[in-house]
Amino acid sequence: MARIAFIFAPYRHKRFAENLEVVDEDFGVFPPINLAYAAAVAEEAGHAVTIIDANALKIGIDETIRRVRAFAPDYAGFYFSTYMFHDTLAWAKAVKEALGIPILAGGINLGLYPRETMSHRTIDFGIQGDALHALPALLDALEADAEPSGIDGVCYRRGDEIILRPPSDSLPDFDDYPFPARHLLPNDRYYSITSQKRNFTIMMTSMGCPFNCSYCAIAHIPHRKRSAENVLLELETCIRRYGVREVDFFDADFPVDNSRLTAICEGILERNLSFEWSCRSRVTSVNEPLLALMAKAGCQKIYYGIETPNTSSLSIMRKNITPDDVRACLDATSRCGIRSLGFFMTGVPGETRSSLLQTIQYATQLNVDYAQFSRTIAKPCTDLDSELIRRTGKDFWRDYVLGKQPETRMPNPWTGLGEMEIEAWTKLAYYLYYYRPSYIVKALKRIRSGDELRRSVRTAARMLFKGLFFDK
């Protein structure tokens, strides 16, 4: 039996990120669901596991190392995203130097840039793709002091040679995964900027996305989903074991399979599960009867990808929605008593000053309760990323993971507008949307707790004063 400490390093706003700094800092604190899945897989295989969520606990590296040392693990596991790669790597290095234990790495970055990731000698072993079978097999090999050759998805070194075993083409059934190890998480610490109850958590009921938007980082991940029964069992566990009262479904498009969502909603009502929930959806994935059922089953908020009213840009991005689709969906959502958040993008392909102004006016005129405005960037391995590589001759993200590219703003050659001008328009969008007197009155009326009021006032003040300055 091995002992494994999974560590989630604090999140920090990145200069290349699509969100403004104040938005990233105040958007919420979410459970590290990927690490919780990995911990559950390892625990189910018979290993002793802990999770130290330094981000939620607001502890630094010294306190984290103290807690890791007290657990006395054989290995330390980290989740590596591309954005936070070097921040996480620094924490892994500190833990390795302090305890002298091997570092195990997982996460989306391993799947995108496995060789570049393993070029950093701080990382001893990595897993590309699913950990369900690969993680227990890797731990068995390590416990037997054997080379982990032949294990699908495992990365390691043989001397100076990096060995990359591709993931299996056969993907496991999502229902086969154990539920995330929430018993190892500080569940009372999590919230989102719009959450109104605690304990709050997130859930994943599907992976990938069936659509193919050019800017989306998960568009090329195979779409697979859990059964309604499996989702309902996890909901019961969250509510009855962990006191969860609000859930945010983090799927790219939770309602896309209308029949499955209908079964989930009916199951919530039949089992008398009392909680509130939110989800993400395309505006074309819902209809009014489904929205009415969702509301009856506790849905309070839906996050819609609206992006821009510019039909030419929507076509280039392969969004396949129209402004008429958006208005019809938002009106139906409102009639069913569900609040809506619209995701809008600035600096989209073909963007001009005129179209940016149209996007801001569009957002203020729509029947939407919240709005988020994000700069369009070339996320790793998206079609926009391929376009950026073609136009500039440089692979920003590959060089960033290798340590050859500093953390800096990214070019946006699909529009003639400069990055600083796009940021200025993005900040203007937030001001014109959220500081309307009519919006402020509406927002104050829907606040339901002192915690929510404090978060809202803090964010509004930070946006107003800190937002006057440009991110460096």
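The values are calculated or read from the model by the stated rules, or taken from the named source; none is laboratory data. Since the structure is predicted, the reported quantities are computational estimates derived from the model, not experimental observations. All Cβ positions, even for glycine, are placed from backbone atoms using ideal geometry, and neighbour counts span all protein chains on display. These accessible areas exclude ligands, DNA and RNA; they are computed on the full protein's heavy atoms, side chains included. Shrake-Rupley method; radii C 1.70, N 1.55, O 1.52, S 1.80 Å.
Let's see how each residue does on (1) part of a loop (DSSP other than H, G, I, E, B); (2) closer than 15 Å to ARG3 by Cα; (3) without any contact (Cβ under 8 Å) to a residue 12 or more places away in the chain; (4) touching a Gly at 6+ places or on another chain (Cβ under 7 Å):
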| position | (1), (2), (3), (4) |
| --- | --- |
| ILE52 | no, yes, no, no |
| ASN55 | no, no, no, no |
| THR64 | no, no, no, no |
| TRP91 | no, no, no, no |
| ALA98 | no, no, no, no |
| ILE101 | yes, yes, no, no |
| GLU116 | no, no, no, no |
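I'm told CYS381 meets every condition in (1) at positive phi; (2) surrounded by 15 or more Cβ atoms within 10 Å (Cβ to Cβ); (3) modelled with pLDDT of 95 or more except one. Can you identify the failing condition by its number?
(3)
Looking at VAL22, VAL68, which is the one that is modelled with pLDDT of 95 or more, buried (at least 16 other Cβ atoms within 10 Å of the Cβ) and touching a helix residue (DSSP H, G or I) at 6+ places or on another chain (Cβ under 8 Å)? First the steps, then the outcome.
Numbers: VAL22 fails: modelled with pLDDT of 95 or more.
VAL68 is the lone residue from the list that is modelled with pLDDT of 95 or more, buried (at least 16 other Cβ atoms within 10 Å of the Cβ) and touching a helix residue (DSSP H, G or I) at 6+ places or on another chain (Cβ under 8 Å).
Just need a number here: residues in region 169-204 that are open to solvent by less than 50 Å² (accessible area, probe 1.4 Å), in a loop (DSSP other than H, G, I, E, B) and out of contact with any Cys (no Cβ under 9 Å at 6 or more places or on another chain).
Selection size over region 169-204: 13.
Report, by residue number, each residue of region 239-290 that is within 23 Å of LEU184 (Cβ to Cβ) and open to solvent by 30 Å² or more (accessible area, probe 1.4 Å).
If the condition is that a residue be within 23 Å of LEU184 (Cβ to Cβ) and open to solvent by 30 Å² or more (accessible area, probe 1.4 Å), then ILE239, ARG240, ARG241, TYR242, GLY243, ARG245, PHE250 are the ones that fit.
Between a residue in region 414-435 that is part of a helix (DSSP H, G or I) and any residue that is open to solvent by 50 Å² or more (accessible area, probe 1.4 Å) and basic (Lys, Arg), which pairs come within a Cβ distance under 9 Å, given they are 6 or more apart or on different chains?
What qualifies is GLU421/ARG353; TRP425/ARG353.
Within region 299-309, track down each residue that is open to solvent by less than 10 Å² (accessible area, probe 1.4 Å) and in a loop (DSSP other than H, G, I, E, B).
THR308
Considering only region 274-294, I want to know if a residue exists there that is on the phi > 0 side of the Ramachandran plot and not basic (Lys, Arg).
Our first condition is that a residue be on the phi > 0 side of the Ramachandran plot; within region 274-294, this holds for none.
Within region 274-294, none of the residues are on the phi > 0 side of the Ramachandran plot and not basic (Lys, Arg).
Go through region 33-53 and give me each residue that's surrounded by fewer than 20 Cβ atoms within 10 Å (Cβ to Cβ), closer than 27 Å to TYR191 by Cβ and not acidic (Asp, Glu).
First pass over region 33-53, keeping only residues surrounded by fewer than 20 Cβ atoms within 10 Å (Cβ to Cβ): 33-34, 43-46, 48, 50.
Then keep just the ones that are closer than 27 Å to TYR191 by Cβ; that gives 33-34, 43, 50.
ILE33, ASN34, THR50, listed by residue number.
Let me confirm something: among GLY129, GLY150, which residue is under 24 Å from the mean Cα position of the chain (by Cα) and open to solvent by 20 Å² or more (accessible area, probe 1.4 Å)? Give the derivation first.
Numbers: GLY150 fails: under 24 Å from the mean Cα position of the chain (by Cα).
Testing whether each residue is under 24 Å from the mean Cα position of the chain (by Cα) and open to solvent by 20 Å² or more (accessible area, probe 1.4 Å) leaves just GLY129.
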